[in-house]
Amino acid sequence: MRQQWRDGVGKLVVQGAAGDVGLPLEIASSYRARTRGLLGRDAVDGVLLLSPANSIHTIGMRIPIDVAYLDRRLNVLAVRTMKPGRLGLPRLRARHVLEAEAGAMVGWGLRVGVRVVVEVDGDVG
């Protein structure tokens with residue numbers, strides 16, 4: 001089950017015990033978009049999906065971010081908060097990475113073991 005998306009926008013659904021949470025999603029799947037990521041931004045509206053990716057860095061970023069590592073089935077493997085100027089180690093089994101403003105993921109119920117769904121142009125992936 002290989003996930004493959006194009007750069008663009010969509011919706012991320014966090015499936016939790018208290019119900020589903022829908023979030024604005026930006027997809028960065030090209031090399032250029034993944035490399036740029038959140039660099040140069042002062043805020044994040046929703047969440048950024050980097051795919052494929054198994055590690056990230058915050059060198060050159062202006063804000064601290066929450067990072068969630070996802071496996072190929074879009075299950076959360078780990079969630080971390082990273083300050084600007086840090087280098088994250090690659091995560092074993094991670095295929096995708098979510099980035100958001102620091103503290104946001106806790107409020108969404110995004111934690112280890114939770115599954116997310118990516119919706120793009122009416123398609124569910």
Original post:
Within the stretch 72-87, is even one residue buried (at least 17 other Cβ atoms within 10 Å of the Cβ), more than 16 Å from residue 14 (Cβ to Cβ) and under 11 Å from the mean Cα position of the chain (by Cα)?
Top reply: no
Original post:
Would it be correct to say that residue 99 is open to solvent by 30 Å² or more (accessible area, probe 1.4 Å) and part of a strand (DSSP E or B)?
Top reply: no
Original post:
Only one of 79, 67 is touching a helix residue (DSSP H, G or I) at 6+ places or on another chain (Cβ under 6 Å), modelled with pLDDT of 95 or more and closer than 27 Å to residue 40 by Cα; which?
Top reply: 79
Subject >> Neighbours by Cβ (under 7 Å, 6+ apart or cross-chain): first from the stretch 101-117, without any contact (Cβ under 8 Å) to a residue 60 or more places away in the chain; second of a type in the set (Gly, Ala, Ser) and not in a strand (DSSP E or B) >> reply: 101/43
**OP:** Taking residue 119 as the residue in question, decide whether it is of a type in the set (D, E, K, R) and within 11 Å of the chain's Cα centre (by Cα).
**Re:** no
Original post:
Any chance the stretch 49-70 includes a residue that's closer than 17 Å to residue 11 by Cα and open to solvent by 20 Å² or more (accessible area, probe 1.4 Å)?
Top reply: no
**OP:** Kindly indicate whether residue 11 is in contact with a Pro (Cβ under 6 Å, 6 or more places away or on another chain) and modelled with pLDDT of 95 or more.
**Re:** no
**OP:** Look through 104, 33 and report the one residue that is at pLDDT 90 or above, more than 16 Å from residue 118 (Cβ to Cβ) and either in contact with a His (Cβ under 7 Å, 6 or more places away or on another chain) or not β-branched (Val, Ile, Thr) (or both).
**Re:** 104
**OP:** For the stretch 46-71, enumerate the residues that are more than 12 Å from the chain's Cα centre (by Cα) and part of a loop (DSSP other than H, G, I, E, B).
**Re:** 58, 59, 60, 61, 62, 63, 64
**OP:** Quick one: residue 41 ticks every box in (1) touching a residue at least 24 places away in the same chain (Cβ under 8 Å); (2) assigned to a loop (DSSP other than H, G, I, E, B); (3) surrounded by 15 or more Cβ atoms within 10 Å (Cβ to Cβ) except a single one, so which number is it?
**Re:** (1)
Original post:
Do you know which of the residues in the stretch 1-38 that are within 15 Å of the chain's Cα centre (by Cα) and part of a helix (DSSP H, G or I) is surrounded by the fewest Cβ atoms within 10 Å (Cβ to Cβ)?
Top reply: 35
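The values are calculated or read from the model by the stated rules, or taken from the named source; none is laboratory data. Because the structure is predicted, anything quoted here is derived from the model rather than measured. Methodologically, a virtual Cβ is constructed for each residue, glycine included, from the backbone with ideal geometry; neighbour enumeration extends over all protein chains shown. For accessibility, only protein heavy atoms count, side chains too; no ligands or nucleic acids. Shrake-Rupley method; radii C 1.70, N 1.55, O 1.52, S 1.80 Å.
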